[in-house]
Amino acid sequence: FRQLKKERNFVGQADWNIALIGLRKLRDAPAQAQTILKRILRRKEHPRREEAMFLMMRVHLVGEDYDKVLALSGQYDLEFPNGKYAERTAYYRGWLHYDRRDCKAALPGFKQYLKRKDAKRTIVLGFRAWCYVRMGRWKWAHRAFGALIPGGPLTEGKARYWRAISLDKLERRPEALKELSLLRRKFPLTYYDMLGRQLEARWDGRNPTAST
């Protein structure tokens, strides 16, 4: 592609492919991609502007510069509110804050994502529920884990286990025990049922390891 750049008619396409290789194939060499993407982003009417903006976010993700990713995602939404990458930029606005353990900032991003898209819905619902656990907002955690029901033994099992903990934190242990009972009936001897049995043993003052 560098040889192809000597041909005037192919400079743009050659540059673009060099940028893609730098970002997607040579994961340790995003600098060459960044230089080319910057040139594209200086032109408001460039036909590849939307994709270039998203790829620039990926460059900053590789470099773990989350602030620049978030700034670009906001700019992307202003220019391309229904764009090709709108789902992923909405996801970034929740997950990047979540990864930095800033749940207060992450929750609005998750809320926005859940309104728009379904591709990672279960994952985002789980992140949202765990944010409420991190924040000690047990009433909201109980409700948020409920959104993961019904599901399989891992998804629903985890949801029922943490709903039981949330109810106990709210001083509603009888309801918490019912939640663990539902977990046991539906997914007996699974990972979260075992955790539930240990939790119940601790509440009763028994040896939790003996309960398994």
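I'd like the accessible area for Thr35, computed on protein heavy atoms only with a 1.4 Å probe and all protein chains in place. Round to 10 Å², please.
Surface open to solvent at Thr35 totals about 80 Å².
Counting other Cβ atoms within 10 Å, keep those with at most 16, restrict to DSSP loop, and tell me which GluC sites (Glu not before Pro) in region 49-141 are left.
Hits after loop and neighbour filter: Glu64.
Assuming 0.36 nm per residue, please report the length gained on full extension of the stretch Lys84 to Ile149 beyond their Cα-Cα distance.
Gain in length upon complete extension: 20.4 nm.
On a 1.4 Å probe surface of the protein chains, which of Ser181, Ser73 comes out largest in accessible area, and what is the full order?
Largest to smallest exposure gives the sequence Ser181, Ser73.
Which three semi-axes in whole Å describe the equivalent ellipsoid of region 99-212, each the square root of 5 times a Cα gyration tensor eigenvalue, listed largest first?
They are 27, 16, 11 Å, listed largest first.
Go through Ile149, Leu125, Tyr161 and say which Cα lies farthest out towards the positive end of the charge dipole of region 110-162; charges sit on Cβ, +1 for Lys and Arg, -1 for Asp and Glu.
Ranked along the dipole, the leading option is Leu125.
Hey, which of these cross-link pairs are over 32 Å Cα-Cα: Lys84/Lys169; Lys111/Lys178; Lys68/Lys158?
Lys84/Lys169; Lys68/Lys158
Translational D (Stokes-Einstein, µm²/s) of region 44-176 at 4 °C and 1.567 mPa s when Rh comes from the Kirkwood sum over C-alpha pairs?
81 µm²/s
The values are calculated or read from the model by the stated rules, or taken from the named source; none is laboratory data. This structure is a prediction, so every number in the text was calculated from the model and none was measured. Counting neighbours? That spans all protein chains shown, and the Cβs are built from the backbone with ideal geometry, glycine included. These accessible areas exclude ligands, DNA and RNA; they are computed on the full protein's heavy atoms, side chains included. Shrake-Rupley method; radii C 1.70, N 1.55, O 1.52, S 1.80 Å.
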